[in-house]
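See structure below.
The values are calculated or read from the model by the stated rules, or taken from the named source; none is laboratory data. Keep in mind the model is a prediction, meaning the values are calculated, not measured. Every residue, glycine among them, receives a Cβ derived from its backbone with ideal geometry; neighbour counts consider all protein chains shown.
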Amino acid sequence: MWVIWVVLAIIVVLVIWTIAAYNRLIRQRNVVQESWRQVDVELSRRHDLIPNLVETVKGYAAHERGTFEAVTNARAAASSPNQSVAQQATNENMLTGALRQLFAVAEQYPDLKANQNFLELQRSLSETEDRIAASRRFYNANVRTFNTSIQSFPSNVVAGTFHFKEAEYFEADDPEVRAAPKVEF
């Protein structure tokens, strides 16, 4: 009789542990998804600012059509829905490169650099880039925590049983994109 109680106690402890591990993984997955939504909000803000910035620069540099098209196309690709994190990161990297080209064009026009609208848009874009970076760090930290739980024993047993998949990091692969944009006035 004593052995039966010990076996039942072990089974109860294992069931409680499995439920707790499952709930922890669910919580972590939800935090990862929530933090991705925050990155998405900041990226949307960035995408909303870009047309205004392009229009402001267009007024001064009408002959730079290729640059404007590159920014517009990169923005369209970056803001398209239903992308994986890796696709979103690639498209955002292309957009960052196109914005660098736009700012390089803007450097050639002294009147533009003194234009209040341009300065305000540039400040807003800079703030947004900082917020994107902070959101990206927060998202990646949550991904790291979630992935560590999925890969660590014994929670990896629960994760495998319930088909939890690792989350993707949101990262820039291109060394040029990793460098801070250089804007001189």
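Listing for the model above:
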{"item": "Count of the stretch 64-84 residues which are surrounded by fewer than 18 Cβ atoms within 10 Å (Cβ to Cβ) and of a type outside the set (D, E, K, R)", "result": "10"}
{"item": "Residue in the stretch 89-96 that is touching a Pro at 6+ places or on another chain (Cβ under 9 Å), in a helix (DSSP H, G or I) and under 20 Å from residue 137 (Cβ atoms) present", "result": "yes"}
{"item": "Residue list for the stretch 43-63, filter: surrounded by fewer than 19 Cβ atoms within 10 Å (Cβ to Cβ) and either among the basic types (Lys, Arg) or under 18 Å from residue 134 (Cα atoms) (or both)", "result": "44, 45, 47, 58"}
{"item": "Sole residue being over 16 Å from residue 40 (Cβ atoms) and part of a loop (DSSP other than H, G, I, E, B), chosen from 164, 170", "result": "164"}
{"item": "Residue match in the stretch 36-43 (condition: within 14 Å of residue 125 (Cβ to Cβ), modelled with pLDDT under 90, of a type outside the set (Gly, Ala, Ser) and in a helix (DSSP H, G or I))", "result": "no"}
{"item": "Some residue of the stretch 111-121 being buried (at least 19 other Cβ atoms within 10 Å of the Cβ), part of a helix (DSSP H, G or I) and under 24 Å from the mean Cα position of the chain (by Cα)", "result": "yes"}
{"item": "Single residue of the stretch 60-81 satisfying the filter (polar (S, T, N, Q) and either assigned to a helix (DSSP H, G or I) or in contact (Cβ under 8 Å) with a residue 24 or more places away in the chain (or both)) that is farthest from residue 37 (Cα to Cα)", "result": "67"}
{"item": "Yes/no for residue 106 being crowded, with 17+ Cβ neighbours inside 10 Å and of a type outside the set (Asp, Glu)", "result": "yes"}
{"item": "The stretch 132-149 - residue that is buried (at least 19 other Cβ atoms within 10 Å of the Cβ) and of a type in the set (Gly, Ala, Ser) and, of those, nearest to the chain's Cα centre (by Cα)", "result": "135"}
